[in-house]
Amino acid sequence: MRSTPKVTLTVGALLVGVAWALAACSGGDAPAGPSGTPPGNQPSDGTGHLEVSDLEDPPQPGHFTAEPTTVVARLGVTPGGCVTVEVDGVERLPFWPSGTQVEEDPDDLGSYVVTLPDGTSLRTGDSFEAAAVVDDALPFGEESQPPGKVATLVDFCAVDAAPVAFFDATTIHPPVD
């Protein structure tokens, strides 16, 4: 009978993760996290995005370990509403610098505005240059743990190529011709 509480906690945590993913899909609010606060970076309209700080909750060791390289990327969006970046013709799920906001563009529904911590805004279709690290380890999360935000969004968005992280917002700017 000692396994019953463990199973209950695991199933309960799994249900929170599933409810959060369904909320992202349906456009509703995400459920509150264990502390009663909404999971980080989940705007009220249901669109979710990932930030490099999300790699710490729960810890995701072994990801994004390469040195940053300069890339030219174009902001995109999947039919399911996931904001992506195209780097060298490959669609990737971005991990934005901490403090980034991602919201649907009120002037162009189905498009998104990414606002970096310094106030710089990128819109769907915009190109930019930045220091980036392509992930070198998949998958996210441990099979023995319930899925967290990172694993849930990576799985939900189902972008085939490895994600890319932009750790330093000061390196993100329009490309020089």
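The values are calculated or read from the model by the stated rules, or taken from the named source; none is laboratory data. Being a predicted model, the structure only gives us computed values, none of them experimental. Neighbour counts are summed over all protein chains in view; Cβ atoms, including those assigned to glycine, are modelled from backbone coordinates with ideal geometry.
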Restricting to the stretch 112-132, count the residues that are over 14 Å from residue 49 (Cβ atoms) and either surrounded by 15 or more Cβ atoms within 10 Å (Cβ to Cβ) or acidic (Asp, Glu) (or both).
8
Among the listed residues 48, 99, identify the single one that is in a loop (DSSP other than H, G, I, E, B) and either modelled with pLDDT of 95 or more or at positive phi (or both).
99
Subset of the stretch 72-111 [in contact with a Phe, Trp or Tyr (Cβ under 9 Å, 6 or more places away or on another chain) and farther than 16 Å from residue 50 by Cα]
72, 73, 74, 105
Just need a number here: residues in the stretch 78-96 that are polar (S, T, N, Q) and in a loop (DSSP other than H, G, I, E, B).
1
Do we find that residue 61 is of a type outside the set (S, T, N, Q), at pLDDT below 90, under 16 Å from residue 165 (Cβ atoms) and surrounded by fewer than 20 Cβ atoms within 10 Å (Cβ to Cβ) in this structure?
yes
Flag for residue 150 being buried (at least 19 other Cβ atoms within 10 Å of the Cβ), modelled with pLDDT of 90 or more and not basic (Lys, Arg)
no
